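Have a look at the structure below before the remarks.
Please treat every number below as a calculation from the coordinates, not as lab data. Given the structure is predicted, the values throughout are model-derived calculations rather than measurements. Glycine also receives a Cβ, built like all others from the backbone with ideal geometry; neighbour counts cover every protein chain displayed.
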Amino acid sequence: MALYSEKLMDHFRNPRNIGVIEDADGIGEVGNAKCGDIMKIYLKIENDIITDVKFETFGCGSAIASSSMATELIKGKPVGEALSLTNKAVVEALDGLPAHKLHCSVLAEEAIKAALKDYYDKNGIEYDHSLFPNCESCGRCCEIS
């Protein structure tokens, strides 16, 4: 069995939605100091629909593929649906990730949530703080035990 699926390799070699949205409605950046991967997600949202999404990722092939797939999974979707995207869904869509690379899919999920939180904060939209367990900006929802 190959270490990486054909679908993962395709998203690594031909990443979708790579780039920057200059006037993004939400931007999320996350990183993993242990492995050095950094992901930045840009969202354009109109009428509660993600009309455009771009990413910049510094990291390994699995991190790039996870970013690419995650953007494909949320593009054109309602904000609420994007918020419910899990790292498991990213892994399944890529036809798997090696166990030691699962953190890449977690970063993709976290980057999307960070961008959505930024969108909510910028627009004064109320949200359930428990949906963002890793946020650090509001001081109310970050009681990580």
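For region 6-131, what's the relative contact order in percent, using C-alpha pairs closer than 8 Å and at least 6 residues apart?
So the answer I get is 30 percent.
Using a 10 Å cut-off around each Cβ, can you sort Asp10, Asp23, Asp48 from fewest to most neighbouring Cβ atoms?
Listing Asp10, Asp23, Asp48 from fewest to most nearby Cβ atoms yields Asp23, Asp48, Asp10.
Based solely on its DSSP helices, what 222 nm [θ] is calculated for the chain when runs of n ≥ 4 H residues each add -39,500 (n - 2.57) and the sum is averaged over all residues, nearest 500 deg cm²/dmol?
Result for the chain: -11500 deg cm²/dmol, rounded to the nearest 500.
For the chain, state the semi-axes of the equivalent ellipsoid (square roots of 5 times the eigenvalues of the alpha-carbon gyration tensor), sorted largest first and rounded to whole angstrom.
Over the Cα atoms of the chain, the ellipsoid semi-axes are 24, 17, 13 Å.
Just to be sure I understand the model, the point goes 7 Å from the Cα along the line to the Cβ. What's the resulting Glu22 to Cys60 distance in nm?
The answer from the label model is 3.6 nm.
Multiply the residue gap between Ala99 and Ser130 by 0.36 nm, knock off their C-alpha separation, and tell me the result in nm, one decimal place.
Working it through step by step, the gained length comes to 8.4 nm.
Specify the residue with the greatest mean-square fluctuation among Ser67, Ser84, Ser105, computed from a Gaussian network of the chain linking alpha-carbon atoms under 10 Å apart.
Ranking Ser67, Ser84, Ser105 by mean-square fluctuation puts Ser84 first.
Per 0.36 nm of contour for each residue apart, how much would the distance between Ser5 and Asn123 grow if the chain were fully extended, relative to their Cα-Cα spacing?
38.5 nm
Ignoring the sites themselves, what is the longest stretch of the chain with no GluC sites (Glu not before Pro) in a DSSP loop and at most 13 other beta-carbon atoms within 10 Å?
Excluding the exposed sites themselves, the longest stretch runs over 23-125.
Rank these for me by crowding, Leu3, Leu102, Leu116, going from fewest to most other beta carbons within 10 Å.
By the 10 Å Cβ count, ascending, the order reads Leu3, Leu102, Leu116.
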